[in-house]
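Trainee: To start, I am sharing the structure in question, which I have written as structure tokens.
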Amino acid sequence: MLTSARGPSASPALIPLGESMTEADPVLTPVLERDISPAIASVRLRGVRAGYRKRQDVLRGADFEAYPGAIVLISGPPGAGKTAMIDLLRLYLEPSAGTVEVLGADVSKLKGAARARLKRGIGYMPEMPALAEHMNAFENVSLPLRLAGAKANAYAPDVEDLMRFLGLNEQDERAAAALTGSERRRVAMARAVVGRPRLILAEEPTAGLAPDLAGRMLRLLASMRRAGTAIIVTTQDEALAHPLGATLWRMRDGRIAPAAAGDAPA
Amino acid sequence: MTPIAPRAGGAALFWVVVIACLLAAVAVLAALLANRSAQSADAVLRSQFVARILEPDAASTLDDAALALNAIDGVDSVRIVTSERASALLRNWGGPKLEASDLPAMRLITFSADRSPRADWTTTITTTMRGAGFTAEVYGPGPAAIESVRKARDLADVTIAIGGVLFGAALLTAGLAARVRVAVDRALIRPLADMGATRGQVSRAFAGRAAVEGFTAGLVGAIAASLLAAWALSLPPFHSWASQVRVGDSAPLLLSPLIAALLAAAGARSASNRLFAHAARSP
């Protein structure tokens, strides 16, 4: 039986929509132009098989779903398929079998610009943050808004607040290449949430952070959850599930299943 | 606001394009001038004739013969070759001890055609001169002279071909350099794709940067080529070429920045599209 991750009743969330994102799109319009409905899964996988060129059977029939306002923690040993799961949900990996729905859209039907528009509804924080190295922290954080066509004077106050919350100096003119590992992770997290996405994918979000900064990161995710965002976190640290109030799923050998109470970690 | 595509970091590639454009512009300019010089030499040689007055056999008839020649339609710049000048010419073959008095009276008149003469023009001159009471032999440029001019023209053609190839290679270099420049920044494309940037947004960012850099490199190369050409034309071996320079010769210099910008933008666009496709979706 499929177990789903359901969150609290969602309140409307805003995704900054650039002009290009307001164009009618038959696939995305149901997703992007209405309030989040807790009844529509943010993510739904059915019998998904997927892999990479060199290893084609990473995911072997994954069934999974998460709803708006849910926080799902996916844990598992290295090689279990956590990264493939995230790659699938961030529209990087194509399934070889099964169906993948993200924010209500069947990703197999999305091409080019429609795919890019859907990606703007997803905040992704990779384990190894890839930043625009020539830009400073503020520019990196605000890049998704800039790409969405928002004006700098409109988003600057929100971006500055967000950066301050994460202990980043919004006046810091250093290029990203000069930031410390901890700063890079916080910039990547701020960038993932700045557009108020409807789905956040985070890989080991608190790894390498001081306890107080890790706590802020978790508070930020919790506040996004209250706004109706579905949050999927991959980690090897199952202890994160408690402070986040997350539903725990475990992955092993390319399969994913909800952790039953009292289960031992894989 | 910092541009999406970084401006810094491409100095080496920039100078590669500058040097390529400089070489191309110089090569094209040299080709144009070489071709024009060869054409000019050919035209001058083919319009030069010598008339040897055989009869009446008197020194005083040379002035009258010159007048008669000058009256013929198409004849320009008639000049009597003095016996000293004729001796000087013959001395090239006879050696320095040759005295003018030892030589037969040559009674030569050089003249040129004011337009490109027909093949049978020497016959026309001979006939017309006979009508005026002069028996004359008319000589056009010899086969050896024509052959040397033909070689000069062949050389000019080769120069043009080399100039064209260099011009094309320089522009290709601009396009390839732009591709390499995008590849250097490929790490930026992945997060852009993850953030939902469209292929168009990414390619515009890189193509815009490449166009600016290609234009600037082309302009610097063209200015450097102009200065180099001006310096070269001031040197004694190229003085004769300086007179051949036309306003239109600046066309390749003006065009190279524009074409370099276009090709660099095309190269960057193509590279960024390819890298974006890899970044956006697992192959």
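Trainee: Are any of the residues in segment A:177-186 buried (at least 19 other Cβ atoms within 10 Å of the Cβ) and either assigned to a loop (DSSP other than H, G, I, E, B) or free of Cβ contacts under 8 Å to residues at least 12 places away in the same chain (or both)?
Mentor: yes
Trainee: I need the full set of residues from segment B:193-208 which are away from every other protein chain (no Cβ under 11 Å) and either part of a loop (DSSP other than H, G, I, E, B) or touching a Ser or Thr at 6+ places or on another chain (Cβ under 6 Å) (or both), in order please.
Mentor: Within segment B:193-208, B:203, B:206 qualify.
Trainee: To continue, here is another question. Given (1) of a type in the set (Asp, Glu); (2) more than 10 Å from every other protein chain (Cβ to nearest Cβ); (3) out of contact with any Gly (no Cβ under 9 Å at 6 or more places or on another chain); (4) not in a loop (DSSP other than H, G, I, E, B), where does residue A:212 come up short, assuming only one miss?
Mentor: (3)
Trainee: Here is a further query. Which condition from (1) assigned to a loop (DSSP other than H, G, I, E, B); (2) farther than 25 Å from residue A:207 by Cα is the one that residue A:168 breaks?
Mentor: (2)
Trainee: Next question, about the same structure. Considering only segment A:76-85, I want to know if a residue exists there that is within 11 Å of another protein chain (Cβ to nearest Cβ), buried (at least 23 other Cβ atoms within 10 Å of the Cβ) and either touching a residue at least 60 places away in the same chain (Cβ under 8 Å) or within 20 Å of residue A:233 (Cα to Cα) (or both).
Mentor: Yes, segment A:76-85 has at least one match.
Let's see how each residue does on (1) more than 10 Å from chain B (Cβ to nearest Cβ); (2) closer than 17 Å to residue B:201 by Cβ; (3) among the polar types (S, T, N, Q):
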site	(1), (2), (3)
A:142	no, yes, yes
A:145	no, yes, no
A:148	no, yes, no
A:153	yes, no, yes
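Trainee: Which condition number in (1) crowded, with 20+ Cβ neighbours inside 10 Å; (2) within 14 Å of chain A (Cβ to nearest Cβ) is the one that residue B:211 fails?
Mentor: Status for residue B:211: all satisfied but (2).
Trainee: Among what's in segment B:229-250 and is among the small types (Gly, Ala, Ser) and either closer than 17 Å to residue B:39 by Cβ or in contact with a Leu (Cβ under 6 Å, 6 or more places away or on another chain) (or both), pick the residue that is surrounded by the most Cβ atoms within 10 Å (Cβ to Cβ).
Mentor: Restricting to residues being among the small types (Gly, Ala, Ser) and either closer than 17 Å to residue B:39 by Cβ or in contact with a Leu (Cβ under 6 Å, 6 or more places away or on another chain) (or both), the top hit is B:229.
Trainee: Of all residues in segment A:229-253, which are in a loop (DSSP other than H, G, I, E, B) and at pLDDT 90 or above?
Mentor: Listed by number, the list holds a single entry, A:229.
Trainee: Further question on the same structure: For the condition closer than 30 Å to residue B:205 by Cβ and surrounded by 14 or more Cβ atoms within 10 Å (Cβ to Cβ), what is the one hit in B:80, B:19, B:53, B:72?
Mentor: B:19
Trainee: Going by the structure shown, is residue A:102 touching a strand residue (DSSP E or B) at 6+ places or on another chain (Cβ under 9 Å), within 22 Å of residue A:222 (Cα to Cα) and not small (Gly, Ala, Ser)?
Mentor: Taking the combined requirement at face value, the residue satisfies it.
Trainee: If you go through segment A:126-137, how many residues are more than 10 Å from chain B (Cβ to nearest Cβ) and either buried (at least 21 other Cβ atoms within 10 Å of the Cβ) or under 23 Å from residue A:173 (Cα atoms) (or both)?
Mentor: Of the residues in segment A:126-137, 2 are more than 10 Å from chain B (Cβ to nearest Cβ) and either buried (at least 21 other Cβ atoms within 10 Å of the Cβ) or under 23 Å from residue A:173 (Cα atoms) (or both).
Quick grid of which residues meet (1) among the small types (Gly, Ala, Ser); (2) closer than 24 Å to residue A:258 by Cα:
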site: A:177; (1), (2): yes, no
site: A:203; (1), (2): no, yes
site: A:208; (1), (2): yes, no
site: A:228; (1), (2): yes, yes
site: A:235; (1), (2): no, yes
site: A:243; (1), (2): no, yes
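Trainee: In contact (Cβ under 8 Å) with a residue 40 or more places away in the chain, surrounded by 13 or more Cβ atoms within 10 Å (Cβ to Cβ), more than 14 Å from every other protein chain (Cβ to nearest Cβ) and assigned to a strand (DSSP E or B) - does that describe any residue in segment B:23-41?
Mentor: No, because not a single residue in segment B:23-41 is in contact (Cβ under 8 Å) with a residue 40 or more places away in the chain, surrounded by 13 or more Cβ atoms within 10 Å (Cβ to Cβ), more than 14 Å from every other protein chain (Cβ to nearest Cβ) and assigned to a strand (DSSP E or B).
Trainee: For residue A:161, are the conditions met, namely being assigned to a helix (DSSP H, G or I) and more than 11 Å from chain B (Cβ to nearest Cβ)?
Mentor: Here the answer is yes, as residue A:161 does meet what is asked.
Trainee: From A:94, A:101, which residue is at the interface with chain B (Cβ under 8 Å from one of its Cβ atoms), under 21 Å from residue A:255 (Cβ atoms), surrounded by fewer than 22 Cβ atoms within 10 Å (Cβ to Cβ) and of a type in the set (Asp, Glu)?
Mentor: A:94
Trainee: Let me ask you something else. Condition check: part of a loop (DSSP other than H, G, I, E, B) and either under 15 Å from residue A:192 (Cβ atoms) or not polar (S, T, N, Q) (or both). Does residue A:128 satisfy that?
Mentor: So residue A:128 passes the test.
Trainee: I would also like to ask the following. Please name all residue pairs, on different chains or six or more residues apart, with Cβ atoms under 8 Å, provided the first residue is in segment B:173-192 and is more than 19 Å from residue A:119 (Cβ to Cβ) and outside any helix (DSSP H, G or I) and the second residue is of a type outside the set (D, E, K, R) and at pLDDT 90 or above.
Mentor: Going by the 8 Å Cβ cut-off, the qualifying pairs are B:185/B:206.
Trainee: Which of the residues that make up segment A:105-125 are assigned to a loop (DSSP other than H, G, I, E, B) and facing chain B (nearest Cβ under 7 Å)?
Mentor: A:120 - this is the single residue of segment A:105-125 that is assigned to a loop (DSSP other than H, G, I, E, B) and facing chain B (nearest Cβ under 7 Å).
Trainee: Take the residues in segment B:125-149 that are without any contact (Cβ under 8 Å) to a residue 24 or more places away in the chain and part of a helix (DSSP H, G or I), then tell me which one is surrounded by the most Cβ atoms within 10 Å (Cβ to Cβ).
Mentor: Looking at residues that are without any contact (Cβ under 8 Å) to a residue 24 or more places away in the chain and part of a helix (DSSP H, G or I), I get B:126.
Trainee: Could you give me the residue pairs with C-beta distances under 8 Å whose first residue belongs to segment B:1-22 and is without any contact (Cβ under 8 Å) to a residue 60 or more places away in the chain and within 12 Å of chain A (Cβ to nearest Cβ), whose second residue is among the basic types (Lys, Arg) and in a helix (DSSP H, G or I) wherever it lies, and which are 6+ apart or on separate chains?
Mentor: The qualifying pairs are B:1/A:146.
Trainee: Additional query: Taking the conditions exactly as written (touching a helix residue (DSSP H, G or I) at 6+ places or on another chain (Cβ under 9 Å) and modelled with pLDDT of 90 or more), does residue A:99 satisfy them or not?
Mentor: For residue A:99, the condition - touching a helix residue (DSSP H, G or I) at 6+ places or on another chain (Cβ under 9 Å) and modelled with pLDDT of 90 or more - is met.
Trainee: If you don't mind, there's one more thing I want to ask. Could you list all residues from segment B:1-22 that are closer than 29 Å to residue A:136 by Cα and in a helix (DSSP H, G or I)?
Mentor: The answer is B:11, B:12, B:13, B:14, B:15.
Trainee: Hey, any hits in segment B:222-232 for a residue that's closer than 29 Å to residue A:121 by Cα and either away from chain A (no Cβ under 14 Å) or without any contact (Cβ under 8 Å) to a residue 24 or more places away in the chain (or both)?
Mentor: No, segment B:222-232 has no match at all.
The values are calculated or read from the model by the stated rules, or taken from the named source; none is laboratory data. Owing to the predicted nature of the structure, the values given are computational and were not obtained by experimental measurement. Positions of Cβ are backbone-derived with ideal geometry, glycine not excepted, and every protein chain shown enters the neighbour counts.
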